[in-house]
1. Quick one: which residue in A:Ile111, A:Ile125, A:Ile121, A:Ile147 is more than 16 Å from A:Leu251 (Cα to Cα), at pLDDT 95 or above and crowded, with 17+ Cβ neighbours inside 10 Å?
2. Farther than 22 Å from B:Asp434 by Cα and either under 31 Å from the mean Cα position of the chain (by Cα) or surrounded by 20 or more Cβ atoms within 10 Å (Cβ to Cβ) (or both), is that true of B:Val309?
3. Going by the structure shown, is A:Arg326 at pLDDT below 95, within 30 Å of A:Asn158 (Cα to Cα) and away from chain B (no Cβ under 14 Å)?
4. Spot the failing condition for A:Gly209; the list is (1) farther than 20 Å from A:Ala93 by Cβ; (2) at pLDDT below 95, and only one is missed.
5. For a quick check of your reading: which helices (runs of 4 or more DSSP H) sit entirely within segment A:36-152 and have at least 2 residues that are of a type in the set (Ser, Thr, Tyr)?
6. Does segment A:178-191 hold any residues that are in a loop (DSSP other than H, G, I, E, B) and within 25 Å of the chain's Cα centre (by Cα), and which are they?
7. For segment A:192-213, state whether one or more residues are under 27 Å from the mean Cα position of the chain (by Cα), within 13 Å of chain B (Cβ to nearest Cβ), closer than 30 Å to B:Leu324 by Cβ and not in a loop (DSSP other than H, G, I, E, B).
8. For B:Glu317, only one of the following conditions fails: (1) modelled with pLDDT under 95; (2) under 22 Å from B:Val474 (Cβ atoms). What is its number?
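The values are calculated or read from the model by the stated rules, or taken from the named source; none is laboratory data. Since this is a predicted model, take the numbers as computed values, not measurements. We place every Cβ from the backbone using ideal geometry, glycine too, and count neighbours over all the protein chains shown.
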Amino acid sequence: MKVYLKILSFLTPLIALAISFGLTTFILILIDRDPVETFTLMFDYGTTGKSIISILNRSIPLYISAVAVAVGFKMGMFNIGVEGQYILGALIAAQVGAVLILPRPLHVLTIFIVAAVVSGIWAGISGYLKVKKGVHEVISTIMLNYIGAGIVAYLLANIFFEKDEDNSLKVPQTNYLSESGQLPPLNNILGLEELPNLNSFIVGAVFVGIFYYWLVWKTSLGFDLRATGLNPVAAKFSGADPNKLIVLAMLISGGIAGLVGMSNLVGYFHRYTIDFPTGLGFAGITVALLGRNHPVGMALGALLISFLERSSQILDLNNIPKEIERIMQGIVILVVVVSYEVVRRYILTQEVKLASRMVDKDE
Amino acid sequence: MNTAISIENISKSFPGVLANDSVSFDITSGTIHAIVGENGAGKSTLMKILYGMQKPDNGILKINGDIAKFQSPKDAIASGIGMVHQHFMLADNLTVWENIVLGIDGSNLSKIKRSKYIPEISDLSKKYSLPIDVNLTIDDLGVGEKQRVEILKVLYRGANILILDEPTAVLVPQEVEELFENLKNLVSQGVTILFISHKLDEVMEIADRISVMRGGQHVGTVNKEEASKKILAEMMIGKDLPTPPNRETMISSENCLQLKDLNGEPSLGKIPFEDINLEIKKGEICGIAGVEGNGQRELSEAILGLYPVESGQIFLEDIEITKLSTRERRLTGISFIPEDRQSQGLVVESNLIENIILGKQSSNTYSSRFRNVLFKNASKNSKDVVENYDVKTPSVQTLALALSGGNQQKFVVGREIDGKPRFLLASQPTRGVDIGAQALIWDKLKDARDMGLGVLLISADLDELLGLSDKLYVIYEGKLVKQLEPKEATPEQLGSYMTGLGI
């Protein structure tokens, strides 16, 4: 690829953001709010130390969820079931973690593994159904979301509940993890004592990103996944076994999905409660799209979405409807996806041009 | 004689390609005018302009002396131009006459005027000597008959200038003869025919005048009397004809691939291939001729492990591979040139480095002990293939889809021959590629054979089969019905076995 094309593809997200800003400005003018004031408010509030910590913390599960979705996307599968996978994984891991007593690193690690295995199996069911019964994974993963949510509700209410002090009331939440199952925040290490807690599972998220990059772009298995995603027929002819890959991709995607709830479990709530955040599985699809399945792109996407969500909280206090943030999110996603496609096509035609010029030169 | 079509300085460019570069020539009415050229020479673009599917950037088009500015094929049809597409556009479940009136019958909700159409179409078929029972369903027709329906369809719409886009590509030799007979008849009744082809034999047989295109330019127009295959080929490719086949070959006594009583699993009530017994030695090219759809696809997929085998055995050298997976077979040393490079042989949205890995992603060449992809080897090998197989590409980082068809195919062939495979399955290895690429691919296949590779060549191109094969079989309805001596076989003979007549 020529250098200018590389620069262009690098600049695409910035161009897309500029366009999104423009469109949002237009909407703010339509509803009679001052765009400059709005953006200034959001920027000022979103860049305070407190906000930055909050944005980072929000980004962790969002990013992992996006990676889980992206593994499926890379081989042309839509894992819409990250939602059900991670809540089920988180609940079981919380319960196992609450019961177990182990030395710290082992305890925490066990919790991660339980979550990944449970979520992986839950996703694997969709892979199995697709291979054996031809059930489309979109259908089965959506269904399994509901079933998973049902199971979580049942387990919380009937089996994993916590009794209050006088043993009369059942509270639908697991017991606390013992200290060895908790991860302390990173603040002490980083010298940020005066700021809110920075979840140390952010390190886990970075590892997930590195693992994803290595797996998909550097391994033979990743090659098979990508080839199957881009051209299933050619991949089959090259010896890739589509059935095996479908199950494997779902297992890996689900396994990563299992880690979505971990920052909240070991680093914040230390138990599974009804307050445990939901919706991260669906938000992950958005982030995967926004970052077009690229490990760094998705990280930026997760940060952007978290920034918008956090910074918009200031708007209501200033008589600007905070729903504007939902609109901004929608605009950003739409514009980014469209811009990428436009640039992708432009680069393609340029490549074709270069290649055909080659042939001309030869004659 | 009048000029039916006059093309004056027609230019058309697409992003990155000058598809037509000031093309000018005339087509005399009542003649068969052939347009030949390699793939990508600009024939199709010119035809699309003539048929109103594309507008020229520059230049003038005159039909029967009047300037024509077509906005869509509708305008072209109104001016009397009809196109017979290579791929038939017929509704299989309707009858011949229904297909012919489809789209022009204006009866809407009222009853369709059978009594008007049937005699009209029957008369037309008699007038132009294109015999067909108009009440038959398209499903029951052979390929040649379907083509006749397509021709009748455009004639019924009032066309007196017919464009035929590679009409013989789908026909067996006998059907080609019939088609040519029909075309001569049409011309004798005043119809003008534009015949697009890259098969020089046919062009020399049928055309009155021949225009040659190369790289978007009109190289020249010659009368048949002044032309020869050699002259045309030189005009087309700007260099000499591909070298004639080299018959001196060293066939070894060692087995390369052996198929024993191989039967495919029935699908839709049909057994795709039956009792296949084949022995291919090292250093031998074994050709299989046949009309498409006679089991070739299933047989080649069975060899690759992608089509289920009901009974029988497959041996690679002395290893039985019948039960192995596709990947294991690939690793054992089976190489494969698929009939459709874009869908089966390449991941076109990836670059050449990634594409060189395809098919060997789990081999030691491209996969480390820890299953990491060895991109270094891929980069080196892709550069080698690009160089040795004359693949025209800016770099190996270029996406495969940016390459022209011929260059894509050269790349696939290079990938499959390189790396010392034990056996090569080549399915239509030169389909749809230009003469230059074809010559190179043939040479490379011969070189590989001479180096001791065993090749199974499945093809519909009789020149290719006769020119390359050391032994030759004909497949018909899933059975190897005849073994022929390639040196002695004639196209007519092959054709009769291929259509089941020779049995």
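1. Details: A:Ile125 fails: more than 16 Å from A:Leu251 (Cα to Cα); A:Ile121 fails: more than 16 Å from A:Leu251 (Cα to Cα); A:Ile147 fails: crowded, with 17+ Cβ neighbours inside 10 Å.
Only one candidate qualifies: A:Ile111.
2. yes
3. no
4. Only one criterion is unmet by A:Gly209, namely (2).
5. Values: elements: A:49-74, A:82-99, A:104-133.
So the answer is A:49-74, A:104-133.
6. A:Gln182, A:Leu183, A:Pro184, A:Pro185, A:Leu186
7. Going residue by residue through segment A:192-213, those that are under 27 Å from the mean Cα position of the chain (by Cα) are A:192, A:195-213.
Next, from what is left, pick out any that are within 13 Å of chain B (Cβ to nearest Cβ): A:213.
Cutting the leftovers down to closer than 30 Å to B:Leu324 by Cβ gives us none.
No; the residues of segment A:192-213 include none that is under 27 Å from the mean Cα position of the chain (by Cα), within 13 Å of chain B (Cβ to nearest Cβ), closer than 30 Å to B:Leu324 by Cβ and not in a loop (DSSP other than H, G, I, E, B).
8. For B:Glu317, the failing item is (2).
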